[in-house]
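Presented below is the structure to which this report refers.
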Amino acid sequence: MSFELSQLLYNQKDICDAYKNCGIEKAIELIRQKQQYLILISDEDFTSNVLVFLTSLNNSLYNYILFNSDIESEDFCFKNYTPNLNISMNHKLAIDEAYKILSSYEDFIHPANQQNKHIESACKYICDHLNEDLSLEKVASNIYISKCYLCQLFSDYSQMKFSEYVRIQRIELAKSLLKCENYPIDIISQKCGFSYCSYFSSTFKKIVGISPEKYRKIHSKKNPLNTVSEMQLVC
């Protein structure tokens with residue numbers, strides 16, 4: 001084994017430092033970089049090397065956190081991670097496994113804060129990219145967590161599925177645009193991330209109860225009925 005590969009597999013101090021000083025997202029970012037590099041320099045037995053890497057990562061984190069945190073050893077006696085030798089490992093599965101290792105320590109040290117932070121980051125990313133194609137995998141990747149974990153977070157915190165949450169946020173954006181902008185319905189559909197205007201209209205009606213056109217007519221600032229209502233309120 002070359003010195004370069006040996007360092008990659010066994011020296012995880014940079015990841016430990018990043019985790020302790022910058023948080024789990026930065027640690028995951030470094031893991032991604034290392035495993036991409038591992039693909040390039042590894043021999044044909046990539047799976048075995050990844051399993052060694054994951055075991056090394058767990059052992060490094062265990063010892064680093066134990067000796068650099070105010071934690072009693074009897075409270076921090078996790079059983080060392082043992083990789084499943086039957087797993088047909090690939091790059092994506094390796095990232096998910098690495099996240100499981102990190103999250104096991106994070107859940108012990110900051111059991112609630114980290115979960116809240118992840119769901120907030122996910123919701124912010126969704127709201128900032130509603131005009132784009134949004135998948136569970138894409139959002140999870142951009143906030144450096146696994147898609148399985150993100151799916152569970154949405155179920156726990158929002159009491160709805162990820163896809164349902166995204167649809168509702170798209171419709172909320174559409175309602176705002178219908179009230180304040182004069183874009184044609186098909187343009188609003190695109191701005192809210194719907195590929196087809198017909199699907200947008202049917203989804204809008206299902207959630208809101210009326211069509212986008214009728215919603216605009218009722219809520220438009222130029223609607224005479226609204227103007228009269230506003231005048232009556234003022235009086």
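The values are calculated or read from the model by the stated rules, or taken from the named source; none is laboratory data. Keep in mind that what you see is a predicted model, and the values were worked out from it rather than measured. In this analysis, Cβ positions are derived from the backbone assuming ideal geometry, glycine residues included, and neighbour counts consider all displayed protein chains. The area values use the complete protein model at the heavy-atom level, side chains included, leaving out ligands, DNA and RNA. Shrake-Rupley method; radii C 1.70, N 1.55, O 1.52, S 1.80 Å.
Residue by residue through region 18-32, what is 3J(HN,Hα) from phi via Karplus (6.51 cos²θ - 1.76 cosθ + 1.60, θ = phi - 60°)? Round to whole Hz and write x for glycine and proline.
Going residue by residue, I get 5, 5, 5, 8, 10, x, 5, 4, 5, 5, 5, 4, 5, 5, 4 Hz, with x marking Gly and Pro.
In nm, what is the difference between 0.36 nm times the number of residues separating Leu40 and Ile207 and their Cα-Cα distance?
Full extension from Leu40 to Ile207 adds 55.3 nm.
Given a 1.4 Å probe and every protein chain left where it sits, what share in percent of the accessible area of region 1-72 is carbon and sulfur?
Here carbon and sulfur together make up 50 percent of the probe-accessible area.
Karplus couplings for region 130-143 from phi (6.51 cos²θ - 1.76 cosθ + 1.60, θ = phi - 60°), rounded to Hz, Gly and Pro as x?
5, 7, 10, 6, 10, 10, 4, 5, 5, 5, 4, 5, 6, 10
With θ taken as phi - 60° and the coefficients 6.51, -1.76 and 1.60, list the Karplus ³J(HN,Hα) couplings across region 53-59 in order, rounded to whole Hz; mark glycine and proline as x.
Those phi angles translate into 4, 5, 5, 4, 4, 4, 4 Hz.
Kindly list the residues of region 43-73 that lie in the label zone of Ser6, defined by a backbone N under 17 Å from the point 7 Å along the Cα-to-C-beta vector.
43, 49, 52-53, 56
Where the accessible area of region 136-193 is counted over protein heavy atoms with a 1.4 Å probe, how much of it, in %, is carbon and sulfur?
Here carbon and sulfur together make up 47 percent of the probe-accessible area.
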